[in-house]
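Colleague: One structure, pasted below without further comment.
The values are calculated or read from the model by the stated rules, or taken from the named source; none is laboratory data. Source: prediction; values computed, not measured. Note that we place each Cβ from the backbone using ideal geometry, even for glycine, and neighbour counts take in every protein chain shown.
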Protein chains: 2
Amino acid sequence: MGTSERKAKEKEEIKTLILNAAKKLFVKIGNEQVTIRKIAEEIEYSVGTVYVYFKDKNDILNELHRQGFGQLGSAIGILKSVSDPMERLKALGRVYFHFALDNPDMYDLMFNMKAPMEFLEAMQKEEWNEGKATFDVLRKNVEKCMESGHFKGHQLEPLSFVIWSTVHGMCSLHISQRVKGVIIENPESIIEKAYEEFVALIDKE
Amino acid sequence: MGTSERKAKEKEEIKTLILNAAKKLFVKIGNEQVTIRKIAEEIEYSVGTVYVYFKDKNDILNELHRQGFGQLGSAIGILKSVSDPMERLKALGRVYFHFALDNPDMYDLMFNMKAPMEFLEAMQKEEWNEGKATFDVLRKNVEKCMESGHFKGHQLEPLSFVIWSTVHGMCSLHISQRVKGVIIENPESIIEKAYEEFVALIDKE
DNA sequence: TGGATAAATGAACAATGTTCATTTATCTTT
DNA sequence: AAAGATAAATGAACATTGTTCATTTATCCA
């Protein structure tokens, strides 16, 4: 029936309306300042309406976190053009931490906040597909590197996790403001320099 | 005058009473569930009393975060007995991530939460002495390694930051529940295995 | 002992996420 | 087209949070 289709479409439209408002506020005033009331005000609906379309706040944050992985995925997708696996791996790290520094609140939501994981638990879904897919890109890349002779004597998955951890750690420490005040020399450019050091470490392998 | 001394002592006692209650709740029910009212209830004082001794909740969390660094510092202190700098560096990483895994909420407070940094800002203190001191231990250790011939061609501070980032990243991803669901093989022991990979990476330098 | 100083109190406020009975709009059927 | 049924939207109300501050209670000192 055509009518039910249209209605479903309309429902989707309002859902994305809410999500767009949430994202707009999210990047504008940052995560902690986003309230359901502000979202409702932004789209000129009542508070209750938001709860018609989303189970709770975690539901909204979970959707935003998914969108974030969409963004990150697009950025990573460009790297398919880099054929040499080792070069692609290095570029992957760069894309990753630039995404994090450009979208700190989104990155925090994707990799630090409890909201998305709590939502998945509440939904009985054990699978964190977004994270899985992204880590898979890294793991496959490292695998290619190993196939072409790099990382001899290393184990694929733990090594991939180490690489992820290193880049994530730099981003996380930066976003949580722990770098400033600890680093004496060039606290602004430390991540770039540190990444060079990291590349030097893995390049010899 | 003796009386004012005694009064100052009493004030300190109540402060520590509050802090101990806060810490007890902190490790028991975790960070997010700790409320001023629960702290007050725990020590059988009124809510207002807590605000007589602490400016706000961030003040309390800042003190707890300092205590955390005290704990971590003690754990690290034992490593003085390890004379070989490279061995000491590896052991340092182990102590660090074991502390993180054993005290996830405390670690989160120390290295992720905004509360301590916000408190320092509000107090006009730019200095994060706790973090500085801890990072200094790492940097000095790396320096010793370089003096004894390791890490040739690397820069002290960026390299130290990379090492910190790697271990912090593993801890952070574990605490934020991002490891489970992404790692296929042995999600429990991944950190141990990954740390071995990391050690292998830096050991060759 | 009484007046001053310090400490403790808890009611009250604003902001938050969330619920739900009620109202309003839309659709379906006769 | 009207009426009844279904769906969507509403916003007042609730519980919980951090925080404040006039008031009460305790302590000190002259």
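Colleague: Please work out if B:F198 is at the interface with chain A (Cβ under 8 Å from one of its Cβ atoms), out of contact with any Phe, Trp or Tyr (no Cβ under 9 Å at 6 or more places or on another chain) and buried (at least 21 other Cβ atoms within 10 Å of the Cβ).
Modeller: Yes, satisfied.
Colleague: Identify, from the list B:V142, B:V179, the residue that is at pLDDT 95 or above, within 12 Å of another protein chain (Cβ to nearest Cβ) and farther than 25 Å from A:R139 by Cα.
Modeller: B:V142
Colleague: Could you please give the count of residues in segment A:46-75 that are within 23 Å of A:M123 (Cβ to Cβ) and either modelled with pLDDT under 95 or not in a helix (DSSP H, G or I) (or both)?
Modeller: Total meeting the criteria: 3.
Colleague: Sort out which residues of segment B:1-45 are near DNA strand C (Cβ under 10 Å from one of its atoms), surrounded by 13 or more Cβ atoms within 10 Å (Cβ to Cβ) and not in a helix (DSSP H, G or I), and write them in order of number.
Modeller: B:Y45
Colleague: Quick check on my filter: what residues within segment B:106-117 are surrounded by fewer than 20 Cβ atoms within 10 Å (Cβ to Cβ) and more than 9 Å from chain A (Cβ to nearest Cβ)?
Modeller: Result: B:A115, single match.
Colleague: Looking at segment B:99-117 only, could you name the residues that are in a helix (DSSP H, G or I), under 25 Å from A:K180 (Cα atoms) and of a type outside the set (A, V, I, L, M, F, W, C)?
Modeller: Listed by number, the residues that qualify are B:P104, B:D105, B:Y107, B:D108, B:P116.
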